[in-house]
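Here is the structure we will look at, set down as structure tokens.
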Amino acid sequence: MSFIAIDLDGTLLNGQNEISEENRNAIHYAQEQGFEVVISTGRAYFDVQTICKKAGISPCIIGTNGATIHSNDGKMLSSIPISKERVESILKWLDERDFYYEVFTDKAIYTLKKRREFFYHEIQQLKSADLDRDQKKIAAEAERQFDQFGFVLVENYPDILKQKEEVFNIVACSFNQKKLAEAWNRFDMIGELGVVSSADHNIEITNKGASKGNALEKMAFLMNVSLEQSMAIGDSNNDLSMFRKVGYSVAMENAKDDIKAVCTTTTLKNDENGVAHAIYQFMENFALQN
Ligand code: CA
């Protein structure tokens, strides 16, 4: 058996944050042919479930960058939280530096009401300002943060620490690249944490043991699947760990050059049903080899 592991934002989702009919049909076809389709994303499980339900697909789900794994019938197979003490120190540090941040548990995405309003305002300003296309693209990508399902707005970060649920992922956002790099370096230095990014405006912090690649490896072990005969499709830094694990890696045309450079091949853009195109190509190659 083989996996077809697919990232969501910038990959399976188009510019309207939807799964196109072409992509949905390709996923159904792959499942009918016996491939195990896995959605692998930084988004929270409950958010992904809502998106998949709307599109009429039922894949396995690697959520919060590998910190959770769910089977396609909704059973949790694995979860790797960040320790309570570490969550507290991360939030304190981000809070003191006025970051906009989101804290992911298995029930909700907690965020500060005032910071959220400010960040939204910042995005709208960037979008309307006289900027080059790259900067406008960064602002448009940042707006995706607001498209997620399951937000709970709180007044301050101790309100988040009061919650009993375990924390799987913390996303910090800024349009100041220097500020973002400082946060990346700070948390990357801490042995028990892993830091990746899914777009130019964010960093995503998990337990070191959690990554899309590690999660896929764990699933391969549990389900007796060959990674060498599996495909992963994605567009950014947080997909690199799964690209390294599979025999056939696919970058989106809309990915940056350094992502394309490490992949087996490049497919069309997310707005051109790049996932469907990659699935059909993979299955054709697969049939020729087997
Ligand atoms: Ca992505």
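Given a 1.4 Å probe and the protein chains all in place, what does the accessible area of LYS179 round to, in Å² to the nearest 10? Roughly 50 Å² of LYS179 is accessible to a 1.4 Å probe. Mean-square fluctuations from a GNM of the chain, with a 10 angstrom spring cutoff on Cα atoms, peak among ARG43, ARG115, ARG97 at ARG97.
Taking 1.306 mPa s as the viscosity and 10 °C as the temperature, the Stokes-Einstein diffusion coefficient of region 1-95 based on its alpha-carbon Kirkwood radius rounds to 110 µm²/s. Along the Cα-to-Cβ line of LYS127, 7 Å from the Cα, sits a label point; which residues in region 7-48 have backbone N less than 16 Å from it? Those under the cut-off are 15-18. Taking the 1.4 Å solvent-accessible surface of the chain as the whole, the part contributed by carbon and sulfur is 48%. Across region 177-290, Cα-Cα pairs more than 21 Å apart make up 45 percent of the total.
In this structure region 92-207 gives 52 Å² per residue of accessible area when probed at 1.4 Å with all protein chains present. In this calculation the C-beta distance from GLU21 to GLU85 is compared with R0 = 35 Å, giving a FRET efficiency of 0.15.
For the chain, the alpha-carbon radius of gyration amounts to 0.97 times the rule-of-thumb value 2.2 N^0.38 Å expected for a compact globular protein.
Label-to-label distance for LYS114 and ASP73 is 4.9 nm, based on points extended 7 Å past Cα in the beta-carbon direction. Each 5 Å bin from 0 upward holds the following percent of the Cα-Cα pairs of region 84-207: 2, 10, 22, 24, 21, 12, 5, 2, 1.
The values are calculated or read from the model by the stated rules, or taken from the named source; none is laboratory data. Since this is a predicted model, take the numbers as computed values, not measurements. Positions of Cβ are generated from backbone atoms using ideal geometry, with glycine treated the same way; all protein chains shown enter the neighbour counts. Ligands, DNA and RNA are excluded from the accessible area calculation, which covers all protein heavy atoms including side chains. Shrake-Rupley method; radii C 1.70, N 1.55, O 1.52, S 1.80 Å.
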